[in-house]
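Contents: one structure, followed by commentary.
Each reported figure results from applying straightforward, stated rules to the coordinates on display, with no laboratory input. Since the structure is predicted, the reported quantities are computational estimates derived from the model, not experimental observations. Every residue, glycine as well, gets a Cβ built from its backbone with ideal geometry; the counts of neighbours run over all protein chains shown.
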2 protein chains.
Amino acid sequence: MDAHLVEVTRGGRVESSHMGSAVVVDADGVILFRAGDIEAPVFTRSAVKALLALPLVETGAADRLGLSDAELALACASHVGEPVHARTAASMLRKAGQDPDCLECGIHWPTSRAGQRALFEAGQEPSALHNNCSGKHAGFVCLACDNGDTLLGYVRPEHAVMRQVTEAAAHMTGARMDENNRAIDGCSIPTYAIPLRALALGFARFGSGTGQHPDRAEAATRLRRAVAANPVLVAGEGRFDTRLMQAFGLSVFSKMGAEGIHVVSLPEQGLGIAVKCADGAARAAEVAIAALVARHVDATPAQHAVLDACMRPVLRNWNGIEVGALRPTSGFVHGKRT
Amino acid sequence: MDAHLVEVTRGGRVESSHMGSAVVVDADGVILFRAGDIEAPVFTRSAVKALLALPLVETGAADRLGLSDAELALACASHVGEPVHARTAASMLRKAGQDPDCLECGIHWPTSRAGQRALFEAGQEPSALHNNCSGKHAGFVCLACDNGDTLLGYVRPEHAVMRQVTEAAAHMTGARMDENNRAIDGCSIPTYAIPLRALALGFARFGSGTGQHPDRAEAATRLRRAVAANPVLVAGEGRFDTRLMQAFGLSVFSKMGAEGIHVVSLPEQGLGIAVKCADGAARAAEVAIAALVARHVDATPAQHAVLDACMRPVLRNWNGIEVGALRPTSGFVHGKRT
């Protein structure tokens with residue numbers, strides 16, 4: 001059963017509302033907050049990217065290829081296709097001795113206006129480098145080249161690289177990821193439906209290092225540092241994850257995924273947070289995530305202001321007139337810790 | 001209480017789902033189908049545009065200014081800002097002796113790639129002509145000029161034009177529209193929260209002419225003909241409303257609004273249909289509308305194929321691989337007629 005998470009108001013009335021589930025868990029699996037059904041399987045989509053990037057670092061491949069922190073951040077990214085994102089993905093491929101033709105993520109237009117404008121003004125069409133997942137795919141290519149695997153078909157579940165990264169995500173979350181809970185993601189790699197609680201647990205462990213091989217814990221720390229130092233690369237200027245990490249640095253790791261899935265890791269508190277908006281709306285998952293971060297993080301007044309803006313975004317119309325807002329429901333925001 | 005309307009699948013599993021309400025009613029107010037709470041007030045947003053356009057036609061203003069059918073279709077439109085949409089809005093304003101500076105809808109980028117490309121390639125920024133509501137606003141300007149009203153502030157509830165068009169919508173739907181259920185729409189005109197049943201009733205009457213002054217019934221017929229002859233102007237190439245009306249001509253009038261509101265008028269059956277997706281998702285409102293149209297319309301095999309594609313759209317990823325689909329829930333599609 002889903003819980004009532006977020007309301008959208010207009011002129012003081014509720015115009016729309018969002019249901020879903022949410023959980024906060026520590027690295028030992030102790031649940032601190034729950035709303036809705038946190039055991040029902042949900043597809044992890046792009047929320048899990050940082051876990052898939054662990055093998056690239058922990059095997060030493062990233063070091064052998066000389067990947068920068070910006071490049072590691074892009075390996076964890078769902079980006080908006082601006083020139084800096086495309087350039088960074090191209091640079092990763094060059095370090096692996098490859099070119100963009102090897103990418104199997106497919107092509108779509110940049111989602112940011114600046115990214116679109118750059119292509120239009122250059123008279124160019126988008127390439128796979130502009131796909132929001134190009135950094136993750138460039139990371140897979142780097143890992144495959146370092147392994148000595150053939151590249152072709154690296155998105156298939158049976159490919160060595162896909163088995164390697166899936167095993168890392170399955171180990172971190174403690175969830176089964178096999179042909180019984182598998183589907184195909186937007187960029188053609190497999191995505192697995194796992195309990196929301198398990199996804200949150202994976203990100204509690206990603207922040208705390210609890211129960212992991214030292215190489216993995218170190219890899220997680222390095223990825224978190226890379227992302228914290230490059231919050232624009234992991235999403236894009238003005239986007240939720242970028243704003244949160246610009247405000248909190250290493251204290252908050254935040255990552256969205258398609259269809260309203262969103263994760264946060266709070267390393268200082270040793271907590272993982274996961275939200276699934278049942279209808280797939282990112283706007284509601286963001287509000288719910290911001291509300292849960294506000295509840296569990298130690299924030300300065302400036303950080304609180306950012307959280308509050310993310311938690312209660314004002315809706316303005318095309319003339320800049322305030323017409324409504326999003327807000328967590330009172331039941332959700334005042335829900336008891338379990 | 002909302003009903004379960006639509007499911008989104010991935011790899012055979014339900015990934016997301018949408019709740020909401022839906023109603024089919026005849027012009028006498030007899031309810032043929034209901035799901036969810038059809039008496040709860042919902043903002044009508046752009047779904048009501050065709051009712052707001054009635055005074056422009058029934059007063060004779062459209063004829064005195066020599067508005068074409070294409071221009072009347074644009075007065076009912078939420079368009080994607082392609083050159084044809086902007087040109088048609090500009091032409092309406094010229095016929096009223098005005099220029100685009102008088103529009104009070106605000107400015108946003110075209111939502112279609114072709115509309116964006118046209119501006120980028122011309123090195124231009126968007127104007128109010130590219131606002132999806134520019135045709136509706138040009139219609140208000142035409143009406144105000146024909147009335148001899150001052151233009152400034154025509155979007156305000158107390159302006160003569162806004163009172164005139166609101167009264168038409170209130171009369172058609174039988175719903176109260178005043179300061180007690182008012183908010184501000186995306187384009188700055190008032191929008192009113194009325195029962196979904198009343199909205200559907202307005203569109204049953206829009207198709208049937210039942211209980212209306214002959215001038216109004218004739219105006220409604222003229223607007224429906226104008227839209228049926230110009231389905232690309234009322235939305236845009238490839239969009240749901242355009243596809244449905246390209247397939248059905250005068251037999252189906254269909255209009256979306258923001259936040260998951262959608263109406264249909266079936267003049268041959270004398271029925272009005274309205275759907276509100278509770279979370280505001282257009283994708284789900286479209287599936288539910290297509291399912292209800294399929295249930296009540298007489299369709300040829302070619303028309304059935306279009307309805308089926310709209311009712312069960314396949315989701316493909318960036319490589320064109322089929323990854324999932326949308327579908328009405330079995331409860332919704334097999335729901336009993338009341």
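With a Förster radius of 22 Å applied to the C-beta separation of B:Val314 and B:Glu268, the computed FRET efficiency comes to 0.15.
At full extension, A:Leu250 and A:Arg87 could sit 56.2 nm farther apart than now, given 0.36 nm per residue minus the alpha carbon distance.
Applying a DSSP loop filter and a limit of 15 other Cβ atoms within 10 Å to the trypsin sites (Lys or Arg not before Pro) in region B:163-216 leaves B:Arg176.
Computed over the Cα atoms of region A:1-142, the ratio of the radius of gyration to the Kirkwood radius (Rg/Rh) comes to 1.10. With its label point put 7 Å out from Cα toward Cβ, A:Ala302 sits 6.5 nm from the same residue's point in the other copies, in order from shortest.
For region A:101-220, taking Cα atoms only, Rg and Dmax work out to 16.7, 51 Å respectively.
Quick one: compute the contact order of region B:32-99, relative version, from alpha carbon pairs under 8 angstrom and 6+ residues apart, as a percent.
Details: 25 pairs, mean separation 20.0, N = 68.
Normalised by residue count, the contact order of region B:32-99 is 29 percent.
For the protein assembly as shown, the Cα gyration tensor yields ellipsoid semi-axes of 47, 26, 23 Å (square root of five times each eigenvalue, largest first, whole Å).
What nm distances, shortest first, do you get from the label point of A:Pro157 to those in the other copies when the point sits 7 angstrom along Cα to Cβ? Result, one decimal in nm: 5.6. Across identical copies of the chain, B:Ser330 has label-point separations of 4.0 nm, listed in ascending order, with the point defined 7 angstrom from Cα along Cα→Cβ. Which entries in A:Lys136/A:Lys255; A:Lys95/A:Lys255; A:Lys49/A:Lys95 show an alpha-carbon gap greater than 23 Å? Table pairs above 23 Å Cα-Cα are A:Lys95/A:Lys255.
Among the cysteines of chain B, B:Cys76, B:Cys102, B:Cys142, B:Cys145, B:Cys277, B:Cys310 have no other cysteine beta carbon within less than 4.7 Å of their own.
Charged side chains reduced to their Cβ positions (Lys and Arg at +1, Asp and Glu at -1) give region B:1-133 a dipole of some 380 debye around its Cα centre. Which residue, chosen from A:Thr300, A:Gly238, B:Ala175, occupies the Cα position most advanced towards the positive end of the dipole of the protein assembly as shown, where the dipole is computed from +1 (Lys, Arg) and -1 (Asp, Glu) charges on Cβ about the Cα centre? The one lying farthest along the dipole's positive direction is B:Ala175.
Looking only at GluC sites (Glu not before Pro) in DSSP loops with at most 16 other Cβ atoms within 10 Å, what is the longest site-free stretch of chain B? Can you show the working numbers first?
Working: sites that count: B:Glu39, B:Glu158, B:Glu179, B:Glu237, B:Glu268.
The reported range is B:40-157.
Panel values: region A:3-333, Kirkwood radius from alpha carbon pairs, Stokes-Einstein at 37 °C and 0.692 mPa s, translational diffusion coefficient 166 µm²/s.
Dipole size of chain A about its Cα centre, with +1 on Lys/Arg Cβ and -1 on Asp/Glu Cβ: approximately 720 debye, rounded to the nearest 20.
Distance between Cα centroids, region B:1-71 to region B:227-277: provide it in whole Å. Their Cα centres are 9 Å away from one another. So if I take the alpha carbon set of region A:108-161, get Rg, then get Rh from the Kirkwood formula, what is the Rg over Rh ratio? Across region A:108-161, the Cα-based Rg/Rh ratio is 1.13. For region A:3-333, the residue among A:His85, A:Ala282, A:His137 whose Cα projects farthest onto the positive side of the dipole built from Cβ charges is A:Ala282.
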